[in-house]
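Chemist: Please find one structure pasted underneath; my questions will follow.
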Amino acid sequence: MMVTRSIQTSRAVMRTAAGGTAALLAAPALAALLAGSVPRRAAAQDLPIVETHRIRLANQPGGAVEVSLDTGRSWQKIGQITRPASVTAAGGKALEAIMPATVAGSDPDAVTIRVPTTLATPRWMRIAAVGQAPNNAVIQTDISAGDSIFRALAPPPGSRALLDKEGREEPLPTNYLPRTGDRLVVICERSPDMPTSVFLENKPGGQVMMVTPLGEEKQIGRVRQPLRGIGRYAGSEHAGSGAVVGYEPTAVTISTAGIMRRLDANDKPAEDRGGFVIQPAESDLKGATHPDSQLLVEAIPAPGRGKAAVSPLFGLPIPLSTGVGLDAAQTKV
């Protein structure tokens, strides 16, 4: 990992899969860069965008959920739709960190897409795992929580959401409303904007810095409230300590739980959940179990622009863990 200067004081470090073996095999130019053979004058736009996979859904009862690992030449069915979506829903200010017509975030239960709109309030629709509460803005699937597109195949924030019209892929139109029979495609890519790591100084006013593939540091936020403890969060069970299990505009969830099932003194299953969240300071807290388990991050003013609604941290194209506890390429903290 290339860091241009050291950051003193206590810090949490998020190392993304961009620096792992899988990314090096998928992107030779990035591998050469990390090995130090690319000149410093290279720019991020010179680095390749590598498609990892794409997801396709038919928005109708019984419609297929499919995955392609070869840019759409072949597809494998991994589930089906049990309830289609028919509307979009209003979102909060945290969605403003995400570009319209892209994935806003993924967690063990759902993938959220920001829908383009002319309204002042951001809009969203969701792809959800089996067992989630019915909602007209949700495409309900029969895929288990924490599996496939909700874990190892989860699209990173910023992944493009498209409509498949008779084999032609077109961007989601402004003020899009999902209709029965629509086929949606999500393109999952490793982009030059994906940081190799993010540093968070765990103290009031601490810096939140990202390191680019070129080894440059950029400040993207500031810590308002440091982390002082852990809580119990869905999806953290058996994920492995340090695994990122959810990356959304309202919360980045990190597991501190082990990957083995434990028993208590009475030989009954022990509490398997454990973790903490990084949340926008400006957003209403969501899903919190205890204030000590929340690290709150606020935006910093951009030169000549004033303060953004939410720190760019929550819109970074960072992938979830692969779901394999011992995988060296997964996103870890």
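The values are calculated or read from the model by the stated rules, or taken from the named source; none is laboratory data. Here the structure is a predicted model, which means the values were calculated and not measured. In this analysis, Cβ positions are derived from the backbone assuming ideal geometry, glycine residues included, and neighbour counts consider all displayed protein chains.
Chemist: Name the single residue, out of those in the stretch 81-113 being under 13 Å from the mean Cα position of the chain (by Cα) and of a type in the set (D, E, K, R), that is modelled with the lowest pLDDT.
Modeler: Asp107
Chemist: Now a separate question. Answer yes if at least one residue in the stretch 167-190 is at pLDDT below 95 and over 30 Å from Ala89 (Cβ atoms), and no otherwise.
Modeler: no
Chemist: Would you confirm, using the coordinates I've provided, whether Thr253 is touching a residue at least 12 places away in the same chain (Cβ under 8 Å) and more than 15 Å from the chain's Cα centre (by Cα)?
Modeler: So Thr253 fails the test.
Chemist: Name the residue that is modelled with the highest pLDDT, counting only residues in the stretch 45-80 that are farther than 16 Å from Ile149 by Cα and not in a loop (DSSP other than H, G, I, E, B).
Modeler: Once the filter is applied, the top-ranked residue is Val50.
Chemist: Inside the stretch 114-130, can you point out the residues that are in contact with an Asp or Glu (Cβ under 8 Å, 6 or more places away or on another chain) and not in a strand (DSSP E or B)?
Modeler: Within the stretch 114-130, Pro122, Ala129, Val130 meet the criteria.
Chemist: Checking Gly258 against (1) farther than 26 Å from Gly205 by Cα; (2) within 20 Å of the chain's Cα centre (by Cα); (3) surrounded by fewer than 23 Cβ atoms within 10 Å (Cβ to Cβ): exactly one of these is not met. Which one?
Modeler: (2)
Chemist: Would you tally the residues in the stretch 81-94 being in a loop (DSSP other than H, G, I, E, B) and surrounded by 18 or more Cβ atoms within 10 Å (Cβ to Cβ)?
Modeler: The number of residues fulfilling the criteria is 5.
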